[in-house]
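Asks: Structure provided below as structure tokens; questions to follow.
The values are calculated or read from the model by the stated rules, or taken from the named source; none is laboratory data. Everything numeric in this text was worked out from a predicted model, so none of it was measured. Cβ atoms come from the backbone with ideal geometry, glycine included; neighbour counts cover every protein chain shown.
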Amino acid sequence: MTKITPKKKPLFLSWLQLRKERARLIVAIAGISFADVLMFLQMGFRGALFSSAVEFHHSLNGEIVMTSSRSRSLISLDRFTDRRLYQAAGITGVASVSPIYLNSIQWRNPENKEIWDIYTIGINPEHQVLNIAGVEANREKLRQPDTVLFNLGSRREFGAIAERFQSGEAITTEINERQVQIQGLFKLSPTFGINAYLVTSDVNFLRMAPFRQGGLVDVGVIKLKPDADVQVVLAEMRSRLPDDVKVMTRDDYAKAEVAFWSASTPVGYTFDLGVVIAFIVGSVIVYQILYSDVTDHLPEYATLKAMGFRDRYLLIVVFQESLILAVLGFIPGTAIALGIYQITNLATMLPMAMDLGRIVFVFILTAIMSSVSAAIAVRKLQTADPADIF
Amino acid sequence: MVTNLSKPAISIANLNHYYGQGSLKKQVLFDINLQINRGEIIIMTGPSGSGKTTLLTLMGSLRSIQEGNLSILGQELLDASKEQMTLARRNIGYIFQAHNLLNFLTAYQNIEMALEIQEVTAAEADTRIRNILNAVGLEHRMDYYPSDLSGGRNELRSPVPWSVSLKLFWQMNRLLHLIRNRDEM
């Protein structure tokens, strides 16, 4: 067997073949772009869901979070007595504790008087409980009775509050038959379960939600002294506190929220399935294109075989075609997905964000999709007996 | 090219060939014995269905040998592997009935294809490609695709590797044409 090392620059057969049929090339690129856009969207929605769901959690100003042992998520809460928090305050290493009240409260859209539930967060205005710039800047205004901070990222259903407030208008509306005044804006993205947020003081919260009892809180934020060890304090709390509450690090609190959405709601499964479907649709498109391409060129490939080209040469040609298609389809697919992310962001306020990991992952999926299709399509090629073409 | 000069170009002994399987199995070649020496031009004739093409494809290493012996340029093809058959084909030029040009390559690139499996330098390849194009009168159409070629297209039917040791023709007039242009080829 002689080793073939052509000094001549080899012909780029795969590209020449793809380029010759412009219409087919465009259809193939469009098909792969479409599959990529579908995958990006499913992943984008999933990512937006999870990152928006834990924005509140990450904003808590404390290393340890306490909830009722029956709380599962911001949309599946149970209350606990704030005495547990004060018990925790007595443990070595704890610097301060802050209770948070959470409840959906009926908000009247000041423009059309429609009633919408708004997710209201009640905090002690004397403590920095939430690391959210807008809340920190206006926290002390919440000492006044019937004052609230409104959410910049909230949906249109609540009225164009942010725009009007920013233009200097004084906005009052009605919550549970009390006139409340907007004192500032803060940024917290809506989630799949929460449309908009309101921040107010604990005192105001109980006024607006008379059905809630003071002293029964939803979340406790525990801030530690700088030299305290989180795990040691946590272990101490777990041994000292009754089991009607649970304590965890802030990160674990966020992880539990994500786990709730991904495992205990249809959402995680839905989007994962969406990615799989998009992958299959894309594979079918690429396969169809490559298969008809191989079939159409079968006599030509058989001629090449007769001339002494190995099967491997032809397999490489088809695999190259599939990878060229993958790259050419991926570029517009990514661009379109970025555009749709922007549009979705504006339309829904969901934090749709592209990250490099996802781009790499979708590209790998595209390459796999194309290679698998190519592998199935070339089975036809390997059966092409040069003797059968004459 | 690895060829054995002392052996005949093609040597066939007790060759049988069948198509179909089981009860549909039909013998098309019966005990063929044949020897073709180097430099010979052999013309094979016979009625339709007599097995000319079958024999030609067997001699061209395009089809596996079932029974009997067949060697091309000293290489036995009975029980030859796929790779051995592929390498044997590199010593053979085929001139088919239908044109088998690659439609997505220009006239120039079609000839260039034949050089893909040979060790040549870029300059050498270019000279050889241009010589062939001149010989078939396509030097001004080298960048045309097969679908845009009319007259010269017949002369360029399939990319024939040069310096092959064996040429197999599927049609007489193609052979006659090549003999006329022998000096150029």
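Asks: Name the single residue that is surrounded by the most Cβ atoms within 10 Å (Cβ to Cβ) among those in segment B:87-98 being in contact (Cβ under 8 Å) with a residue 12 or more places away in the chain and at the interface with another protein chain (Cβ under 7 Å from one of its Cβ atoms).
Replies: B:Tyr94
Residues are listed down the side, and each one gets a yes or a no for (1) of a type in the set (Val, Ile, Thr); (2) in contact with a Phe, Trp or Tyr (Cβ under 6 Å, 6 or more places away or on another chain); (3) under 20 Å from A:Pro190 (Cβ atoms); (4) in contact (Cβ under 8 Å) with a residue 60 or more places away in the chain:
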{"residue": "A:Ser68", "(1), (2), (3), (4)": "no, yes, no, yes"}
{"residue": "A:Ser71", "(1), (2), (3), (4)": "no, no, no, yes"}
{"residue": "A:Asp82", "(1), (2), (3), (4)": "no, no, no, yes"}
{"residue": "A:Ala88", "(1), (2), (3), (4)": "no, no, no, yes"}
{"residue": "A:Ile91", "(1), (2), (3), (4)": "yes, no, no, yes"}
{"residue": "A:Val94", "(1), (2), (3), (4)": "yes, no, no, yes"}
{"residue": "A:Ser98", "(1), (2), (3), (4)": "no, no, no, yes"}
{"residue": "A:Asn103", "(1), (2), (3), (4)": "no, no, yes, yes"}
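Asks: Then there's this: Do we have any residue at all in segment B:13-25 that's surrounded by 19 or more Cβ atoms within 10 Å (Cβ to Cβ), within 14 Å of chain A (Cβ to nearest Cβ) and at pLDDT below 85?
Replies: We begin by selecting, within segment B:13-25, every residue surrounded by 19 or more Cβ atoms within 10 Å (Cβ to Cβ); these are B:15, B:17.
Of the ones still in play, those that are also within 14 Å of chain A (Cβ to nearest Cβ) are B:17.
Next cut, at pLDDT below 85 only: none.
Among the residues of segment B:13-25, not one is surrounded by 19 or more Cβ atoms within 10 Å (Cβ to Cβ), within 14 Å of chain A (Cβ to nearest Cβ) and at pLDDT below 85, which makes the answer no.
Asks: Scan segment A:255-306 for residues that are of a type in the set (S, T, N, Q) and in contact with a strand residue (DSSP E or B) (Cβ under 9 Å, 6 or more places away or on another chain) and jot them down. Steps first, answer last, please.
Replies: Residues of segment A:255-306 that are of a type in the set (S, T, N, Q), as a first pass: A:262, A:264-265, A:270, A:283, A:288, A:292, A:295, A:303.
A:Ser264, A:Thr265, A:Thr303 - these are the residues of segment A:255-306 that are of a type in the set (S, T, N, Q) and in contact with a strand residue (DSSP E or B) (Cβ under 9 Å, 6 or more places away or on another chain).
Table: residues versus (1) at pLDDT 80 or above; (2) within 20 Å of the chain's Cα centre (by Cα).
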{"position": "B:Asn100", "(1), (2)": "no, yes"}
{"position": "B:Arg128", "(1), (2)": "yes, yes"}
{"position": "B:His140", "(1), (2)": "yes, no"}
{"position": "B:Lys167", "(1), (2)": "no, yes"}
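Asks: So, in segment A:173-189, exactly how many residues are in a strand (DSSP E or B) and touching a strand residue (DSSP E or B) at 6+ places or on another chain (Cβ under 8 Å)?
Replies: From segment A:173-189, those in a strand (DSSP E or B) are A:173-175, A:178-186; that's our starting set.
Now restrict to residues that are touching a strand residue (DSSP E or B) at 6+ places or on another chain (Cβ under 8 Å): A:173-175, A:179-186.
Summing the residues that are in a strand (DSSP E or B) and touching a strand residue (DSSP E or B) at 6+ places or on another chain (Cβ under 8 Å) in segment A:173-189 gives 11.
Asks: Next up: Considering (1) more than 14 Å from chain B (Cβ to nearest Cβ); (2) touching a helix residue (DSSP H, G or I) at 6+ places or on another chain (Cβ under 7 Å); (3) buried (at least 20 other Cβ atoms within 10 Å of the Cβ), say which one A:Phe80 fails and leave the rest.
Replies: (2)
Asks: Residue under question is A:Pro351, and the condition is that it be surrounded by fewer than 23 Cβ atoms within 10 Å (Cβ to Cβ), out of contact with any strand residue (DSSP E or B) (no Cβ under 7 Å at 6 or more places or on another chain) and under 26 Å from A:Asp272 (Cβ atoms); does it hold? Full working, then the answer.
Replies: Numbers: surrounded by fewer than 23 Cβ atoms within 10 Å (Cβ to Cβ): yes; out of contact with any strand residue (DSSP E or B) (no Cβ under 7 Å at 6 or more places or on another chain): yes; under 26 Å from A:Asp272 (Cβ atoms): yes.
Yes; evaluated as a whole, the condition is true for this residue.
Asks: Examine segment A:191-205 for a residue that is assigned to a loop (DSSP other than H, G, I, E, B), surrounded by fewer than 19 Cβ atoms within 10 Å (Cβ to Cβ) and more than 23 Å from the chain's Cα centre (by Cα), and state whether such a residue exists. Steps first, answer last, please.
Replies: Looking only at segment A:191-205, we keep the residues that are assigned to a loop (DSSP other than H, G, I, E, B), and these are A:191-196.
Those still in the list that are surrounded by fewer than 19 Cβ atoms within 10 Å (Cβ to Cβ) too: A:192-193.
Imposing the further condition that a residue be more than 23 Å from the chain's Cα centre (by Cα) reduces the set to none.
No, because not a single residue in segment A:191-205 is assigned to a loop (DSSP other than H, G, I, E, B), surrounded by fewer than 19 Cβ atoms within 10 Å (Cβ to Cβ) and more than 23 Å from the chain's Cα centre (by Cα).
Asks: Does A:Phe34 satisfy the condition of being aromatic (Phe, Trp, Tyr), under 13 Å from the mean Cα position of the chain (by Cα) and at pLDDT below 95?
Replies: Details: aromatic (Phe, Trp, Tyr): yes; under 13 Å from the mean Cα position of the chain (by Cα): no; at pLDDT below 95: yes.
Criteria not met by A:Phe34.
Asks: Filter segment A:293-315 down to residues that are free of Cβ contacts under 8 Å to residues at least 40 places away in the same chain and part of a helix (DSSP H, G or I) and give me whichever is nearest to the other protein chains (Cβ to nearest Cβ). Working first, answer last.
Replies: If we filter segment A:293-315 for residues that are free of Cβ contacts under 8 Å to residues at least 40 places away in the same chain, which is where we start, we get A:296, A:300, A:304, A:307-310, A:312-313.
Narrowing the set further to residues that are part of a helix (DSSP H, G or I) leaves A:296, A:300, A:304, A:312-313.
On the way: A:Asp296: 9, A:Glu300: 5, A:Leu304: 7, A:Arg312: 10, A:Tyr313: 8 Å.
Residue satisfying both the conditions and the ranking: A:Glu300.
Asks: I'm trying to understand the selection: among the residues of segment A:94-135, which are more than 26 Å from the chain's Cα centre (by Cα) and not in a strand (DSSP E or B)?
Replies: A:Asn109, A:Pro110, A:Glu111, A:Asn112, A:Lys113, A:Glu114, A:Asn124, A:Pro125, A:Glu126, A:His127, A:Gln128
Asks: Looking only at segment A:322-331, decide whether some residue is within 14 Å of chain B (Cβ to nearest Cβ) and surrounded by fewer than 20 Cβ atoms within 10 Å (Cβ to Cβ). Walk me through it before giving the result.
Replies: Looking only at segment A:322-331, we keep the residues that are within 14 Å of chain B (Cβ to nearest Cβ), and these are A:324.
From what's left, surrounded by fewer than 20 Cβ atoms within 10 Å (Cβ to Cβ): none.
The answer is no, given that none of the residues of segment A:322-331 is within 14 Å of chain B (Cβ to nearest Cβ) and surrounded by fewer than 20 Cβ atoms within 10 Å (Cβ to Cβ).
Asks: Take segment B:99-139 and flag every residue that is acidic (Asp, Glu), out of contact with any Ser or Thr (no Cβ under 9 Å at 6 or more places or on another chain), surrounded by fewer than 18 Cβ atoms within 10 Å (Cβ to Cβ) and facing chain A (nearest Cβ under 9 Å).
Replies: Answer for segment B:99-139, where residues must be acidic (Asp, Glu), out of contact with any Ser or Thr (no Cβ under 9 Å at 6 or more places or on another chain), surrounded by fewer than 18 Cβ atoms within 10 Å (Cβ to Cβ) and facing chain A (nearest Cβ under 9 Å): B:Glu124, B:Asp126.
Asks: Still on this structure, I have one more. Given A:Val230, A:Val258, which one is among the β-branched types (Val, Ile, Thr) and closer than 16 Å to A:Val97 by Cβ? Explain how you work it out, then say what you get.
Replies: Values: A:Val258 fails: closer than 16 Å to A:Val97 by Cβ.
After ruling out the rest, the residue left standing is A:Val230.
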